[in-house]
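A short worksheet on the structure shown next.
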Amino acid sequence: LQFNWLLVALVAAISCGKETPTGEPEPADCRIVELQAALDNDTKASVTGSGVVSWSDDDKIAVWTSSEEARTFSMVGISGGYANFQAYLDVNETPESLAVYPVRSLVTLTNGVATIFYPYTYTYREGGMDAPMGAIINNGTLVFQHLGGVIRVACSNVPASATRFNLVANGQQIVGNFDLTVETGMSAITRNNSSYTKAIVNFSPGTGSKTFNVPIPTGHYNSIYAYFSDSSDHKLYEWQVLLDVTSARGDMFVRSMPEDIMRVMSFNIRFAHDEDSYTLGDGRLWDERKLVVPVALGYRFFDVMGTQENTTGQIDDILTNLSGYSALGTSNNGYSISSLGYTYQYETSAIYYRNSVTVLDSGSFDITQTHTRRCNWAKLNFAGHTFYL
């Protein structure tokens, strides 16, 4: 979905003596200036879940003026298909150079280079997009264009305890300040940065469906993912949104976060080898890893996982420190995975599964007659779907 340009016309200044947009008396040395914004189906200032496009009552735009400051113009109404914005300026003050939506996006403008701010946090509002748009002021006319793209994620059932929607671009900046050369076709361009890679949308807890719109700068992204968290920032649910994507100015990437998506993992545990007792400190010793591994696994929120090189003692350690999961399978020697300790001769390719997954059947068989290697299998049911692992 491409965003087209938004035409805004600068109309004649209203004479002194009228009230300000807030209803307070206007200072004698000021005048009200009104901007008129055209509204059409490609104006993405705000968009509802059903796709109806509109401005929001509290929308504001920032306009750089001859005072070398950004002035705020507030929405005062919609008439005849136009949104009307007003501000009052000094008598000799005129709009110049650049106008930006929403108002907090414009920070500074020096020698033709603007500083554009992408917020770290947003407050959820139905249909709210907050995607930065810019317009070069030319002979009293503003033509708005989007400065980046938007990730739009629809979730059919938000977790009940969730209060934050988090969008993360791995290793790339999507929030904070960006430099913008004021010219036709201008855009805010992402850059590699280990910080400022996450945007947060705050909302009130409660189940139900929500659609989250998060602006992103233009550029190429290796990986973008989303997750919900609670008020203590504990991760509740994670979902991969985009891989290897290029965002152009005005692009909207629409994705859904379905409730019944299943996460499948494979993980090589690395068995607790006897020789590891001589290598304390190099990270291989199971005593150093047995608390780290469950944390790493829990962070991925898997539903089912196939593993390699588990000893039964390691399985016990993992399940003790990873709540909500069970494991099944037999060792390479054909023994059940119970009370066999850490002896690596009894390693197994165990199947781990979340307790909400139902085991319908399971078993194992030899892969070869010349080596002690077994395959563990299970017939499982997840959210009404039956499958084999």
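Please report, ordered by residue number, the strands (runs of 3 or more DSSP E) entirely within segment 100-146 with at least 3 residues that are of a type in the set (Ser, Thr, Tyr).
121-123
Here is a yes/no grid of residues against (1) within 32 Å of the chain's Cα centre (by Cα); (2) on the phi > 0 side of the Ramachandran plot; (3) at pLDDT below 70:
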| residue | (1), (2), (3) |
| --- | --- |
| Lys44 | yes, no, yes |
| Val47 | yes, no, yes |
| Ser50 | yes, no, yes |
| Asp59 | yes, no, no |
| Val63 | yes, no, no |
| Ser66 | no, no, no |
| Ser74 | yes, no, no |
| Phe85 | yes, no, no |
| Tyr88 | no, no, no |
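Being hydrophobic (A, V, I, L, M, F, W, C), closer than 24 Å to Thr211 by Cα and in a loop (DSSP other than H, G, I, E, B): is that true of Ala162 here?
Considered against the rule, which asks whether it is hydrophobic (A, V, I, L, M, F, W, C), closer than 24 Å to Thr211 by Cα and in a loop (DSSP other than H, G, I, E, B), Ala162 comes out as yes.
Which pairs have Cβ atoms under 8 Å, sit 6 or more apart or on different chains, and link a residue in segment 27-39 that is assigned to a strand (DSSP E or B) and surrounded by 15 or more Cβ atoms within 10 Å (Cβ to Cβ) to one that is at pLDDT below 75 and basic (Lys, Arg)?
If the second residue must be at pLDDT below 75 and basic (Lys, Arg), the pairs left are Ile32/Lys18.
For segment 302-341, what are the residues that are of a type in the set (Phe, Trp, Tyr) and either assigned to a helix (DSSP H, G or I) or open to solvent by less than 40 Å² (accessible area, probe 1.4 Å) (or both)?
Those that are of a type in the set (Phe, Trp, Tyr) and either assigned to a helix (DSSP H, G or I) or open to solvent by less than 40 Å² (accessible area, probe 1.4 Å) (or both): Phe302, Tyr325.
From the list Ser204, Ser194, pick out the single residue that is more than 29 Å from Ala37 (Cα to Cα), touching a Gly at 6+ places or on another chain (Cβ under 8 Å) and not charged (D, E, K, R).
It is Ser194.
Select from segment 214-244 the residues that are open to solvent by 20 Å² or more (accessible area, probe 1.4 Å) and of a type in the set (A, V, I, L, M, F, W, C) and write down the one among them that is farthest from Ile151 (Cα to Cα).
Step by step, filter segment 214-244, then rank; the result is Leu236.
Can you tell me which residue within segment 352-389, out of those that are surrounded by 13 or more Cβ atoms within 10 Å (Cβ to Cβ) and of a type in the set (D, E, K, R), is nearest to Asn333 (Cα to Cα)?
Across segment 352-389, the extreme among qualifying residues is Arg374.
Kindly indicate whether Glu183 is open to solvent by 10 Å² or more (accessible area, probe 1.4 Å), acidic (Asp, Glu) and within 30 Å of Ser232 (Cβ to Cβ).
Spelling it out, it is not the case that Glu183 is open to solvent by 10 Å² or more (accessible area, probe 1.4 Å), acidic (Asp, Glu) and within 30 Å of Ser232 (Cβ to Cβ).
Residue under question is Thr386, and the condition is that it be assigned to a loop (DSSP other than H, G, I, E, B) and not small (Gly, Ala, Ser); does it hold?
The answer is no for Thr386.
I need every pair where a residue in segment 133-162 that is closer than 30 Å to Ser231 by Cα and open to solvent by 50 Å² or more (accessible area, probe 1.4 Å) has its Cβ under 8 Å from the Cβ of a residue that is charged (D, E, K, R) and outside any strand (DSSP E or B), sequence separation at least 6 or different chains.
Ser156/Glu259; Asn157/Glu259; Ser161/Asp230
The values are calculated or read from the model by the stated rules, or taken from the named source; none is laboratory data. For clarity, every value in this text was computed on a predicted model and none was experimentally measured. Every residue, glycine among them, receives a Cβ derived from its backbone with ideal geometry; neighbour counts consider all protein chains shown. Heads up: the accessible areas ignore ligands, DNA and RNA and are worked out on the full protein's heavy atoms, side chains in. Shrake-Rupley method; radii C 1.70, N 1.55, O 1.52, S 1.80 Å.
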